[in-house]
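Below is one structure; the comments refer to it alone.
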Amino acid sequence: MTVSGDTLEVTFVAGTPPFQVITQQNAQFAQDPSGNPVVLAGTNGARILLTGFRGDQANYKGPKKLTSSGPRLLEVAELGDFEGEVNLGVGLSDQACANVTSTGSVLTFHFIQDT
């Protein structure tokens, strides 16, 4: 996982998994599976749910938290790797949506102004 400006890139060993981007009006999340609170920089957020992984092993081996210079994307944290799902929390400076592209084994999430 890497960040640069308003772009988050997640690289996989082979291909890309199914995913969902769920926006929210705060940057407060819950750690999976404990439910412990995780507060990221920003006033808005997005949760990225990656699915289809093996449930009997850890699937995410990258950094637990990254910061970015934005202006929209401020912080990203791994929220959980549990039962075949990897959850990422994204702290955003304002309401935004994600323009997502898949190239080879890389998912690129570019956060843009929500209209």
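If you sort Arg54, Arg47 by accessible surface, 1.4 Å probe, largest first, the order is Arg54, Arg47. Accessible surface computed residue by residue for the chain, with neighbouring protein chains in place and a 1.4 Å probe, gives 53 Å² per residue. Looking at the square roots a ≥ b ≥ c of the eigenvalues of the Cα gyration tensor of region 48-115, which shape do they give, rounded for a/c under 1.5, prolate if a/b is larger than b/c, or oblate? Prolate, since a/c reaches 1.5 and a/b exceeds b/c.
If the segment from Gln95 to Thr67 were pulled out straight at 0.36 nm per residue, it would be longer than the present Cα-Cα gap by 8.3 nm. Looking at region 64-115, the trypsin sites (Lys or Arg not before Pro) that sit in a DSSP loop and have at most 16 other Cβ atoms within 10 Å of their own Cβ are Lys64. Tell me whether the chain comes out rounded, prolate or oblate; compute the Cα gyration tensor, take square roots of the eigenvalues as a ≥ b ≥ c, and use a/c under 1.5 as the rounded threshold. Since a/c reaches 1.5 but b/c is at least a/b, the shape of the chain is classed as oblate. Contact order, relative form, for the chain: 32 percent (alpha carbon pairs under 8 Å, 6 or more residues apart, mean separation divided by residue count). Pick from Ser93, Ser34, Ser69 the residue whose mean-square fluctuation is largest in a GNM of the chain, springs joining Cα atoms under 10 Å. Maximum fluctuation in the GNM of the chain, among the listed residues, is at Ser34. Evaluated with a Cβ-only charge set (Lys, Arg +1; Asp, Glu -1), the chain carries a dipole of roughly 140 debye about its Cα centre, given to the nearest 20.
The values are calculated or read from the model by the stated rules, or taken from the named source; none is laboratory data. Just so you know, these numbers come straight off a predicted model, no measurement behind them. All Cβ positions, even for glycine, are placed from backbone atoms using ideal geometry, and neighbour counts span all protein chains on display. Only protein heavy atoms, including side chains, enter the accessible area calculation; ligands, DNA and RNA are left aside. Shrake-Rupley method; radii C 1.70, N 1.55, O 1.52, S 1.80 Å.
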